[in-house]
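Here's the structure, in structure tokens; my notes come after.
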Amino acid sequence: MSRRPLSPRHHGLVELVPWGNEHFDDLVRLASDPRVVEYVGDGKPWSPDHAAERHQKALAHWAEHGFGWCAALERGAFVGLGSMVDHGDGVIEIGWWVDPEHWGRGIATAIATELRDAALARVRRVVAGYVDGNGASERVMVKIGLRYDRSFRAAGRLQHVYALERA
């Protein structure tokens, strides 16, 4: 598994590095924060055991695909995470979490832009989704060029998907 950033561009804010064991404590911290997970899954904080399960899946995805979750670092400090998931159908789904202490600084947009570019270098279509009510994530998706694709219900919540295809 490569341990280098996904791209030489860091958007002046963050560097994305492949997910590793050194990021597990940061995942537990973010995943236990109700502000971070309000619009993730069922909206409830993750237990340490669930975080450990997701961490292991993220490491396995890297081993299988050569990409996946990334830690977002600012001057070496963890400020969030990005996710690229291969659904096996020529589509990569991207997502991001930002530490609430760093909200409002453009970090989500920087992470999403890096992920979009890395995904489109691999496949023709990139998608991202958000739970209804998460206007911040919707604004990031629009800002990086994704457009509304569809909506559906999952875990009892309305989900919206935005997409972009490589020209």
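The values are calculated or read from the model by the stated rules, or taken from the named source; none is laboratory data. Everything numeric in this text was worked out from a predicted model, so none of it was measured. Cβ coordinates were reconstructed from backbone atoms using ideal geometry, including for glycine residues, and neighbour counts include every protein chain displayed.
Points to keep in mind about this one:
- Any hit, region 141-149, residues being hydroxyl-bearing (Ser, Thr, Tyr), outside any loop (DSSP other than H, G, I, E, B) and within 19 Å of VAL40 (Cβ to Cβ): no
- Single residue of region 28-44 satisfying the filter (touching a strand residue (DSSP E or B) at 6+ places or on another chain (Cβ under 7 Å) and assigned to a helix (DSSP H, G or I)) that is farthest from PHE78 (Cα to Cα): VAL36
- Meets criteria (of a type in the set (A, V, I, L, M) and more than 13 Å from the chain's Cα centre (by Cα)) for ALA71: no
- Any hit, region 50-68, residues being closer than 14 Å to TRP96 by Cα, in contact (Cβ under 8 Å) with a residue 40 or more places away in the chain and buried (at least 19 other Cβ atoms within 10 Å of the Cβ): yes
- The residues of region 131-146 that are out of contact with any Leu (no Cβ under 7 Å at 6 or more places or on another chain), without any contact (Cβ under 8 Å) to a residue 40 or more places away in the chain and not hydrophobic (A, V, I, L, M, F, W, C), listed by number, are GLY135, GLU138, ARG139, LYS143.
- Taken as a whole, region 46-64 holds no residue that is part of a strand (DSSP E or B) and not β-branched (Val, Ile, Thr).
- Tallying residues that are in contact with a Gly (Cβ under 8 Å, 6 or more places away or on another chain) and modelled with pLDDT under 95 within region 60-83 yields 2.
- Any hit, region 11-26, residues being closer than 20 Å to THR113 by Cα, loosely packed, with under 13 Cβ neighbours inside 10 Å and modelled with pLDDT under 95: yes
- Output for region 99-140, where each listed residue is more than 26 Å from ARG166 (Cβ to Cβ) and assigned to a strand (DSSP E or B): VAL131
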